[in-house]
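Report on the following structure.
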Amino acid sequence: MTSYRIAVIGGTGPQGKGLGYRFARNGHTVVLGSRAAEKAVPVAEEVSARLTDVDGAGSVTGAANADACEGADVVVLAVPSDGHDELVEDLAPALEGKVVVSCVNPLAFDKRGPSGIVVDAGEGSAAESAQRIATGATLVGAFHHVSAVTLWGDRDLIEDEDVLVCGDDADAKAVVIELARSLSGRDGVDAGKLRLARQLEPLTAVLISINKRYKIHSGVRITGFDAH
Ligand SMILES: NC(=O)c1ccc[n+]([C@@H]2O[C@H](COP(=O)([O-])OP(=O)(O)OC[C@H]3O[C@@H](n4cnc5c(N)ncnc54)[C@H](OP(=O)(O)O)[C@@H]3O)[C@@H](O)[C@H]2O)c1
């Protein structure tokens with residue numbers, strides 16, 4: 001597997017930390033980003049501490065978001081949808097020329113439970129918004145359906161789940177399809193063009209609803225698919 005340098009924006013949150021842990025566990029170099037570098041450093045130390053006994057693990061460090069992007073092959077956006085567009089606007093110069101992966105799920109919660117937020121009257125998604133703002137980056141949508149709890153869990157591989165990957169650029173998508181191996185041990189599933197993030201992002205509301213009902217951390221598995 002190719003070894004990448006991966007910046008995780010919002011790497012102090014459960015999803016960013018969990019993805020960073022999985023990537024580093026599989027030999028990638030990870031920089032966890034934060035709006036405040038001093039917040040990212042202890043989180044990076046916590047992740048590193050879990051990797052001391054893992055042969056071939058990559059390093060994990062912490063940095064301010066823009067600094068984390070420097071020299072990165074891949075940048076993962078793991079921030080809430082609130083404030084997402086402003087963050088991407090600020091980071092746009094640092095994202096220039098990079099493969100940028102969005103796992104952002106714009107969701108709303110009310111008395112009836114979770115639901116997807118309609119982005120741009122249904123004509124958009126967080127991933128497409130990021131692409132529209134950071135025109136010099138190549139956006140890919142992935143990792144929307146893997147729970148942070150599962151990522152940080154004790155299993156070596158999350159073999160019972162698939163990572164669905166959407167994007168318009170075949171090369172960028174291929175990088176992320178391979179990165180999915182860090183989680184499941186298998187290639188991610190090419191789920192189509194970036195606009196399908198409009199379907200993938202709100203699907204998470206269904207998984208959260210299932211999680212609440214059955215007290216589990218559900219994920220997605222595509223039947224009939226064998227990437228080996
Ligand atoms: N949690 C899950 O199980 C899960 C699963 C799949 C996908 N996701 C998606 O992954 C993303 C991150 O999830 P999470 O649960 O880790 O979220 P989170 O804890 O709410 O936020 C992650 C990090 O984003 C940064 N952040 C918060 N508000 C921000 C703002 N207005 N602007 C810029 N940065 C901000 C914070 O880092 P700093 O304060 O250090 O900058 C925070 O630690 C979300 O879009 C979520 O939908 C989550």
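Based on what the data block shows, is Glu128 modelled with pLDDT of 95 or more, more than 23 Å from Gly20 (Cβ to Cβ) and surrounded by 20 or more Cβ atoms within 10 Å (Cβ to Cβ)?
Working: modelled with pLDDT of 95 or more: yes; more than 23 Å from Gly20 (Cβ to Cβ): yes; surrounded by 20 or more Cβ atoms within 10 Å (Cβ to Cβ): yes.
Yes, satisfied.
Given the conditions (1) surrounded by 21 or more Cβ atoms within 10 Å (Cβ to Cβ); (2) within 11 Å of the ligand (Cβ to nearest atom), and given that Val60 satisfies all but one, which numbered condition is not satisfied?
Among (1) surrounded by 21 or more Cβ atoms within 10 Å (Cβ to Cβ); (2) within 11 Å of the ligand (Cβ to nearest atom), the lone unmet condition for Val60 is (2).
Every residue, every condition in (1) acidic (Asp, Glu); (2) free of Cβ contacts under 8 Å to residues at least 60 places away in the same chain, yes or no:
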site: Asp67; (1), (2): yes, yes
site: Asp73; (1), (2): yes, no
site: His84; (1), (2): no, yes
site: Val101; (1), (2): no, no
site: Lys111; (1), (2): no, yes
site: Ser115; (1), (2): no, no
site: Ala130; (1), (2): no, yes
site: Ala134; (1), (2): no, yes
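Conditions tested, residue by residue: (1) touching a helix residue (DSSP H, G or I) at 6+ places or on another chain (Cβ under 7 Å); (2) over 22 Å from Ser184 (Cα atoms).
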residue: Ala68; (1), (2): no, yes
residue: Leu91; (1), (2): yes, yes
residue: Asp110; (1), (2): no, yes
residue: Val118; (1), (2): no, yes
residue: Ala121; (1), (2): no, yes
residue: Ala126; (1), (2): yes, yes
residue: Gly141; (1), (2): yes, no
residue: Ser147; (1), (2): no, no
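Any residue in the range 71-82 that is open to solvent by 20 Å² or more (accessible area, probe 1.4 Å), away from the ligand (no atom under 11 Å from the Cβ) and among the acidic types (Asp, Glu)?
Within the range 71-82, one or more residues are open to solvent by 20 Å² or more (accessible area, probe 1.4 Å), away from the ligand (no atom under 11 Å from the Cβ) and among the acidic types (Asp, Glu).
Here's the yes/no breakdown for (1) among the β-branched types (Val, Ile, Thr); (2) under 15 Å from the mean Cα position of the chain (by Cα):
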site: Gly116; (1), (2): no, no
site: Ala134; (1), (2): no, no
site: Val140; (1), (2): yes, yes
site: Leu157; (1), (2): no, no
site: Ile177; (1), (2): yes, yes
site: Leu183; (1), (2): no, yes
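Does Thr52 fit the bill of being part of a loop (DSSP other than H, G, I, E, B) and within 13 Å of the ligand (Cβ to nearest atom)?
On the way: part of a loop (DSSP other than H, G, I, E, B): yes; within 13 Å of the ligand (Cβ to nearest atom): no.
No: the conditions fail for Thr52.
Looking only at the range 182-228, which residues are open to solvent by less than 40 Å² (accessible area, probe 1.4 Å), small (Gly, Ala, Ser) and either modelled with pLDDT under 95 or part of a loop (DSSP other than H, G, I, E, B) (or both)?
If the condition is that a residue be open to solvent by less than 40 Å² (accessible area, probe 1.4 Å), small (Gly, Ala, Ser) and either modelled with pLDDT under 95 or part of a loop (DSSP other than H, G, I, E, B) (or both), then Gly185, Gly188, Ser218, Gly219, Ala227 are the ones that fit.
The values are calculated or read from the model by the stated rules, or taken from the named source; none is laboratory data. Since we're looking at a predicted model, the values are computed, not measured. Virtual Cβ from ideal backbone geometry, glycine too; neighbours counted across all protein chains shown. To get the accessible areas, we keep the full protein, side chains included, count just its heavy atoms, and leave off ligands, DNA and RNA. Shrake-Rupley method; radii C 1.70, N 1.55, O 1.52, S 1.80 Å.
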